[in-house]
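Chemist: Quick one: this structure, given as structure tokens, is what I'll be asking you about.
The values are calculated or read from the model by the stated rules, or taken from the named source; none is laboratory data. What you see is a predicted model, and the numbers here were worked out from it, not measured in a lab. Cβ sites come from the backbone with ideal geometry, for glycine too, and all protein chains shown count toward neighbours. We work out accessible area using only protein heavy atoms, side chains counted, and drop any ligands, DNA or RNA first. Shrake-Rupley method; radii C 1.70, N 1.55, O 1.52, S 1.80 Å.
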Amino acid sequence: MGSHTQYVPEVEHFSLTDEFRERALFFDKNKFYTHLVKDTPAYKKFWEDEDFKCRNGITNSLGITITGVHYFYLNYVQIKLKDPETGRKKKGFPRFLDVDYDFFHLVEEARRQKKGFIFSKPRRGGFSYKDSAIVAHEYNFFRDSTCIIGAFLDMLATQTMNMTLDNLNFLNAHTEWRKQRNPDTKDFVKARFESSTDGIKVWRGYNS
């Protein structure tokens, strides 16, 4: 990041982190995000508030702030976790980890400074899930955005793309952020749909 990197405040001890994961915990219990009646003003306000949190982040009652992408990752992305009862992998929401707190803050700072971001990490640390969350977040919340997933090995880029598609499919199934995709392939998707104006085909949508 260089010598001009803004310092991310260190937190000696994280607590009350479930305040960052309230929607995920609610979903785990109920298999949906809200009891509010669909299409009511309260329901629309709920999703507007969630949109704001995913874009801007939240601060818990101790004054600790996480970024919008981190909030999105904790509450709207499912990853493979080990089931303690069966020993098998199953889908579930990520836990709050201090390394993720640092990672997402540094990504935010790199964006603020309009710089790239190189991150040294161990293998099998779940960073492909975090990368796919960043891509899904960009696709879902920013019109006309473009994300490219690359890796030295094709299989690694494909793996992250597959995780991203899983994220988008989860959003389409369980949130009000669903978007039609055309094309919709394993290596390229675009948020758009076909309509007609005076008999002429027109593409509409987010175009991310």
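Chemist: If the requirement is being in contact with a strand residue (DSSP E or B) (Cβ under 7 Å, 6 or more places away or on another chain), of a type in the set (S, T, N, Q) and either free of Cβ contacts under 8 Å to residues at least 60 places away in the same chain or open to solvent by less than 80 Å² (accessible area, probe 1.4 Å) (or both), which of these qualifies: 159, 180?
Modeler: 180
Chemist: Do you know which residues across the stretch 44-72 are in contact with a Ser or Thr (Cβ under 7 Å, 6 or more places away or on another chain) and either part of a loop (DSSP other than H, G, I, E, B) or free of Cβ contacts under 8 Å to residues at least 12 places away in the same chain (or both)?
Modeler: Within the stretch 44-72, 57, 59, 62, 65 qualify.
Chemist: Let me ask another. Taking the stretch 52-64, which residues are closer than 24 Å to residue 139 by Cβ and open to solvent by 40 Å² or more (accessible area, probe 1.4 Å)? Steps first, answer last, please.
Modeler: Step one: list which residues in the stretch 52-64 are closer than 24 Å to residue 139 by Cβ, which gives 52-58.
52, 53, 55, 56 - these are the residues of the stretch 52-64 that are closer than 24 Å to residue 139 by Cβ and open to solvent by 40 Å² or more (accessible area, probe 1.4 Å).
Chemist: Filter the stretch 193-205 down to residues that are closer than 27 Å to residue 44 by Cβ and open to solvent by 50 Å² or more (accessible area, probe 1.4 Å), then give me how many there are.
Modeler: The total comes to 4.
Chemist: Being open to solvent by 40 Å² or more (accessible area, probe 1.4 Å) and either touching a residue at least 24 places away in the same chain (Cβ under 8 Å) or not in a loop (DSSP other than H, G, I, E, B) (or both) is the filter here; which residues of the stretch 31-43 pass it?
Modeler: Within the stretch 31-43, 32, 41, 42 meet the criteria.
Chemist: Output the residues belonging to the stretch 138-159 that are within 13 Å of the chain's Cα centre (by Cα) and polar (S, T, N, Q).
Modeler: 140
Chemist: Any residue that is of a type in the set (A, V, I, L, M), under 18 Å from the mean Cα position of the chain (by Cα), modelled with pLDDT under 95 and assigned to a loop (DSSP other than H, G, I, E, B) - is there at least one of those in the stretch 107-118? Outline the logic, then answer.
Modeler: From the stretch 107-118, those of a type in the set (A, V, I, L, M) are 107, 110, 118; that's our starting set.
Narrowing the set further to residues that are under 18 Å from the mean Cα position of the chain (by Cα) leaves 107, 110.
Keeping just the survivors that are modelled with pLDDT under 95 gives 107, 110.
Adding the requirement that they be assigned to a loop (DSSP other than H, G, I, E, B) leaves none.
No, the conditions are met nowhere in the stretch 107-118.
Chemist: Which condition breaks for residue 165 when tested against (1) open to solvent by less than 30 Å² (accessible area, probe 1.4 Å); (2) modelled with pLDDT of 95 or more; (3) touching a Phe, Trp or Tyr at 6+ places or on another chain (Cβ under 8 Å); (4) within 23 Å of residue 93 (Cβ to Cβ)?
Modeler: (3)
Chemist: Give the number of residues within the stretch 104-124 that are closer than 19 Å to residue 72 by Cα and either small (Gly, Ala, Ser) or touching a residue at least 40 places away in the same chain (Cβ under 8 Å) (or both).
Modeler: Going through the stretch 104-124 one residue at a time, the tally reaches 7.
Chemist: Moving on to the next point. Which residue pairs have Cβ atoms closer than 6 Å, lie 6 or more positions apart in sequence or on different chains, and pair a first residue in the stretch 134-145 that is over 16 Å from residue 50 (Cβ atoms) and open to solvent by 20 Å² or more (accessible area, probe 1.4 Å) with a second residue that is of a type in the set (Phe, Trp, Tyr) and modelled with pLDDT under 95?
Modeler: Here the result reads 143/206, each pair linking the stretch 134-145 to a residue that is of a type in the set (Phe, Trp, Tyr) and modelled with pLDDT under 95.
Chemist: Applying the selection to the stretch 119-156, what residues are under 19 Å from residue 105 (Cα atoms), modelled with pLDDT of 95 or more and small (Gly, Ala, Ser)?
Modeler: Result: 132, 133, 136.
Chemist: Also, I was wondering about something else. Would you check which residues across the stretch 76-106 are surrounded by 19 or more Cβ atoms within 10 Å (Cβ to Cβ) and part of a helix (DSSP H, G or I) and list them?
Modeler: 76, 100, 101, 103, 104, 105
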